[in-house]
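Notes for the one structure printed next.
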Amino acid sequence: MGLHFVIRENIIIVHGDTYRHRDEIKALGGRFDSRYKTWQIPFSDQALERVQALSGRAEAAPSPSSGHLPGAAREIVPDTARQESAPDAGMPVRELVTAVARSVTTGFPAPVWVTGEIENIAVRSQGIFLNLAEPKSSDDAGSISVKATIWPSALDYMRRMHGEDSVRQVLQDGSQVRCLCRVGFYRDRAQLSLTIENVDPLFTKGALALARETLLRELRAKGLDRANKAQSMPVFPFLVGLVSSEGSRAEGDFLHQLESGPFPGKVIFMHAATQGEKVPVEVPAAISTLARAGCDLIVITRGGGSAADLRWFDAPEVAYAIAGCPVPVVAAIGHHDDTCVAEEICHSRQKTPTAAAQFIVDTFAQARTRIDNATTGLKNSIDRMAEVQSRWFESLAAQLASAANKVIMDHAYALASIENRLTALDPKPWLERGWTRLSVDGLTIDSVKNLRQGMRVHARLKDGPVTLVVDEVGHA
């Protein structure tokens with residue numbers, strides 16, 4: 001889109017591709033009108049000359065006082081000045097569509113790589129017609145699509161370059177594709193269009209990968225792609241279910257590796273086709289039977305093969321059987337670099353039947369190792385605890401002995417103090433010296449003031465008591 005301008009009264013109104021020229025427009029005194037996404041520049045000969053240079057137009061501009069616009073500058077640009085002047089005749093639809101077509105052609109002079117999803121593809125003798133769409137996302141109100149065409153000459157070129165099978169696998173409904181497109185604008189319908197000149201088969205990984213991705217998207221949308229992965233792997237899988245072709249090398253390799261393990265459990269074998277159209281029927285039936293038999297885990301295995309051989313394990317029936325299985329499923333289906341859907345959504349994937357068997361043997365070995373380590377750790381923990389308790393008891397005994405000695409000594413000091421006080425209060429030594437102790441009615445007499453004439457006084461002598469009658473009381 002180019003830069004365009006019109007003159008209104010004493011203002012030059014600029015619109016279109018203004019972003020890359022905004023600094024020059026600002027230098028001319030331009031102000032941005034966010035309502036109409038236009039710039040308004042005060043009119044001057046210098047400003048007009050510069051705007052003409054930016055727009056690439058050199059035709060004479062109308063005078064500031066004129067309401068006439070040259071044909072090349074006839075635009076509908078709402079602004080305050082325009083509302084006050086005579087209404088513009090407007091741009092005809094054909095002229096608008098022609099301008100848009102010219103902008104598209106100018107903006108995309110060479111083909112560009114476009115990614116999207118094929119919708120409503122139709123193969124006709126005159127070409128292939130489809131919609132290239134961007135699916136709806138959580139942030140968008142809806143999906144958006146563009147009509148695209150592959151002309152016979154371009155289709156022949158792609159077949160020669162990539163091979164007919166590869167092109168056929170890519171050009172299918174629901175395919176995520178990367179296309180080299182020439183961008184155009186269909187004037188009669190005012191519609192954007194794409195002409196596909198080439199495709200990138202590596203982007204889509206062929207028809208098998210496309211079908212696989214479609215199924216995986218469906219499983220993810222329903223939360224089933226991780227359903228089996230959420231099952232807890234048993235510590236000791238004693239009962240193992242095996243799904244494989246009876247008498248196949250895969251069956252033999254798996255059982256031989258278990259025997260060499262050693263494996264202390266039991267295997268329940270269920271025959272199922274591992275290639276061909278019977279796979280979507282027999283494999284899900286075998287999984288269901290083994291799950292009902294109470295297996296701790298189920299192994300699905302076959303020998304290697306090409307991507308085409310393994311495509312049967314991309315079947316929705318197999319995928320839904322694995323997703324709905326109540327026990328872990330281990331898949332060892334092929335050696336191919338690309339994994340099938342069954343391997344994507346199972347609990348764990350192993351490369352070969354031998355590796356799947358070794359995985360089970362290792363599960364037992366790891367459990368035994370964990371038990372041995374736990375036993376050793378528990379013993380060491382008990383020994384450390386016993387040692388800590390022993391030291392604690394020794395410390396406690398020493399503290400009790402010290403406390404007991406302190407209590408005994410405290411009591412000994414207290415008893416000695418009591419004994420001294422009792423000894424000091426004992427009257428016997430005083431009586432031996434001739435002293436006596438007087439009392440009246442049990443009260444000790446320690447002063448003559450407490451005595452009266454005629455009072456009976458009890459006296460204690462060293463060899464016995466005596467009762468005296470007070471005849472006379474003298475005072476010092």
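The values are calculated or read from the model by the stated rules, or taken from the named source; none is laboratory data. Everything numeric in this text was worked out from a predicted model, so none of it was measured. Because the Cβ atoms are built from the backbone with ideal geometry, glycine has one as well, and the counts that use them run over all protein chains shown.
The table that follows gives values for the structure above.
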item	result
Test for ALA286: is it over 35 Å from the mean Cα position of the chain (by Cα) and surrounded by 15 or more Cβ atoms within 10 Å (Cβ to Cβ)	no
Subset of the stretch 453-472 (residues that are surrounded by 10 or more Cβ atoms within 10 Å (Cβ to Cβ) and in a loop (DSSP other than H, G, I, E, B))	MET455, LYS462, VAL470
Output for the stretch 11-25, where each listed residue is in contact (Cβ under 8 Å) with a residue 60 or more places away in the chain and more than 17 Å from GLY107 (Cβ to Cβ)	ILE11, ILE13
Condition check for TRP435: over 30 Å from GLN257 (Cβ atoms), more than 60 Å from the chain's Cα centre (by Cα) and among the aromatic types (Phe, Trp, Tyr)	yes
Hey, GLU251 farther than 19 Å from GLN350 by Cα and among the acidic types (Asp, Glu) or not	no
Filter result for THR339 (at pLDDT below 90, touching a strand residue (DSSP E or B) at 6+ places or on another chain (Cβ under 7 Å) and within 30 Å of GLU218 (Cβ to Cβ))	yes
Number of positions in the stretch 394-432 that are under 60 Å from the mean Cα position of the chain (by Cα) and not charged (D, E, K, R)	6
Pair list, Cβ under 6 Å, 6 or more apart: the stretch 177-193 residue modelled with pLDDT of 90 or more, other residue among the basic types (Lys, Arg)	SER193/LYS147
Condition broken by VAL167, with the remaining ones in (1) of a type in the set (Val, Ile, Thr); (2) within 20 Å of THR214 (Cβ to Cβ); (3) part of a strand (DSSP E or B) satisfied	(3)
Any hit, the stretch 420-436, residues being at pLDDT 75 or above, surrounded by 10 or more Cβ atoms within 10 Å (Cβ to Cβ) and not in a helix (DSSP H, G or I)	yes
Residue match in the stretch 411-419 (condition: surrounded by 10 or more Cβ atoms within 10 Å (Cβ to Cβ), among the hydroxyl-bearing types (Ser, Thr, Tyr) and within 18 Å of GLY464 (Cα to Cα))	no
Residue within the stretch 205-215 that is assigned to a loop (DSSP other than H, G, I, E, B) and modelled with pLDDT of 90 or more present	no
Qualifying positions in the stretch 331-386 - part of a loop (DSSP other than H, G, I, E, B) and of a type in the set (A, V, I, L, M)	ILE333
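One line per residue, one yes/no per condition, for (1) modelled with pLDDT under 75; (2) within 25 Å of ARG102 (Cα to Cα):
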| position | (1), (2) |
| --- | --- |
| GLU9 | yes, no |
| ASP33 | no, no |
| ALA47 | no, no |
| SER55 | no, yes |
| GLU59 | yes, yes |
| PRO70 | yes, yes |
